[in-house]
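Structure first, commentary second.
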Amino acid sequence: KENVNTDNRQTGVLNVVLNIVSSRAYRRAQYFIFACWIVFIIYSFSKYGESIMARRMEDEEYFPKHKPRINKKVINLGDDGIKLVPKAVPISTDIIPIVVFAYQRDEYLKKCLDTIFKYLPKKGFQVFVSQDGNHEGVANTARSYGDKVTLFQRERKIIIEGKPLAPEGYYSLAQHYKFAIDKIFNLNKAFKKIIILEEDIEVAVDFFDYFSATAPLLDKDTSLFCVSAWNDNGMNAFVNDNRALYRSDFFPGLGWMTTRKFWEEVGPKWPLGFWDDWLRDPDVRKGRACIRPEISRTYTFGAKGVSLGQFYEQYLKHIKLNQVPVDWSGVDLSYLEKDIYDRNLINDCENAESIHVDNLSKYDDKNKHFKMYYSNTVDFESISKKIGIMSDIKAGVPRGAYGGVVTFKYKTNVLHIVPDKGAMKPVTYKNERPYK
């Protein structure tokens, strides 16, 4: 009897379950649950895909050496009207040696080193002093900075072939350069670049950031051979934008950076004298250019020295040193690459209004682009002297010129001094890999 009752209860429960399962409401519930699962799976896969893409954007495959900082603001590069939305800007992470060349001006060396260590970052740079000779005051000044400075001393032997063309200092300085640059690159094979200063130079507040930001350009663009901190026409009257950078066919010097690769090319044939003019020679430069700032990141206080203060009172003492730091990590410098820069410069010159130098004062507050034409060296010297910029030309290139065009700010305007067609034929650079 108990078994029969149990069977009856089981049969009743089974009938209830079968009735529920076979009902229309149950089938609807099944469809609803199934649909929910489908939606959940699709949503899960979409979120998973987004997370994968986010991780990939930070992956070293996209930025192999750097994790860039990004400034999303639109940056106005100045009166030229160019506006760029910056992308991620790589900052050099290599250690860059800085060598300060010194002879016998110990008070100059101290002033130079004091400004270097005032702004020197904790990482990324190593400071060397290379002394020509054994002047005790210079050696003691360098040693007073302890292990922050590595001192080299060169025995001052000067080689002059034939009749000297200038005071022996011009020869000694060139030979000192070869001694020190060779020594530093041989000291550490990991050094890929070098920054070169002389002891009569002080540096700007963003000197190191400037070189860190521009260093990758030397790796990417083989039409460049140096980055300089100096603008030959950087007098107060002709500058106003501390973010603006330019290409220059004229080697500026006075605080500059180059690469190990370029030194391996020119070091073995380095001249016994007049090294800077030699670098400007077309057979050495081979159409390559330098990057220079509008507002200089160095200032020379060297009224006495090898050049005996050449140009100092008239030009150099009036050069403006940048006082307001720029966050270079947020500035897109791709406009300095050769193809982009050339296209923009040609466009600017073609669209600029043509004026005569004698009428320049009529256009003081126009906030426009103007151009003046010159047809030969005498013509250029006449125009530049009337304006007040440096007028000399070396190896066929005016100071600060690119493609024969000298660009600078004048009052509220941008002024281009442009060669007539055929007036000058600057060497053009044939692109080489990896530059495209």
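The values are calculated or read from the model by the stated rules, or taken from the named source; none is laboratory data. What you are looking at is a predicted structure, and each value in this text was computed from that prediction instead of being measured. As a convention, Cβ positions derive from the backbone with ideal geometry for all residues, glycine included, and neighbour counts pool all protein chains shown. Accessible surface is based on the protein model in full, side chains and every heavy atom, while ligands, DNA and RNA are left aside. Shrake-Rupley method; radii C 1.70, N 1.55, O 1.52, S 1.80 Å.
When you check Arg243 against the structure, is it farther than 18 Å from Pro97 by Cβ and surrounded by fewer than 21 Cβ atoms within 10 Å (Cβ to Cβ), yes or no? Yes.
A quick yes/no check of all residues on (1) β-branched (Val, Ile, Thr); (2) in contact with a helix residue (DSSP H, G or I) (Cβ under 8 Å, 6 or more places away or on another chain):
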site	(1), (2)
Lys178	no, yes
Lys183	no, no
Ser212	no, yes
Asp221	no, yes
Val227	yes, yes
Gly255	no, yes
Phe262	no, no
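Note on the stretch 298-341: among residues that are closer than 30 Å to Lys110 by Cα and charged (D, E, K, R), the one that is modelled with the lowest pLDDT is Lys304. Reported count of residues in the stretch 325-355, each being exposed (fewer than 15 other Cβ atoms within 10 Å of the Cβ), within 21 Å of Arg243 (Cβ to Cβ) and among the aliphatic types (A, V, I, L, M), is 1.
The set of residues in the stretch 209-237 being crowded, with 21+ Cβ neighbours inside 10 Å, not in a strand (DSSP E or B) and not polar (S, T, N, Q) consists of Tyr210, Phe211, Ala213, Ala215, Leu218, Asp221, Ala229, Trp230, Asp232, Gly234. Here Gly400 passes the criteria (1) crowded, with 19+ Cβ neighbours inside 10 Å; (2) modelled with pLDDT of 95 or more; (3) over 27 Å from the mean Cα position of the chain (by Cα) except the one numbered (3).
Among the conditions (1) aromatic (Phe, Trp, Tyr); (2) under 21 Å from Lys320 (Cβ atoms); (3) open to solvent by 40 Å² or more (accessible area, probe 1.4 Å), the only one that Tyr373 does not satisfy is (2). Listed conditions (1) within 19 Å of Phe208 (Cβ to Cβ); (2) open to solvent by less than 100 Å² (accessible area, probe 1.4 Å); (3) at pLDDT 95 or above; (4) not hydrophobic (A, V, I, L, M, F, W, C) are all met by Pro68, apart from (3). Of note, Phe274 satisfies the criterion of being closer than 22 Å to Met390 by Cβ, at pLDDT below 95, open to solvent by 10 Å² or more (accessible area, probe 1.4 Å) and touching a Leu at 6+ places or on another chain (Cβ under 9 Å). The set of residues in the stretch 259-271 being open to solvent by less than 60 Å² (accessible area, probe 1.4 Å) and over 22 Å from the mean Cα position of the chain (by Cα) consists of Gly267, Trp270, Pro271. Residues in the stretch 133-152 include none that are surrounded by fewer than 19 Cβ atoms within 10 Å (Cβ to Cβ), under 21 Å from Thr258 (Cα atoms) and touching a residue at least 40 places away in the same chain (Cβ under 8 Å).
The conditions of being over 17 Å from Asp232 (Cα atoms) and open to solvent by 90 Å² or more (accessible area, probe 1.4 Å) are met by Asp358. Filtering the stretch 246-255 to residues that are open to solvent by 10 Å² or more (accessible area, probe 1.4 Å) and aromatic (Phe, Trp, Tyr) leaves only Tyr246.
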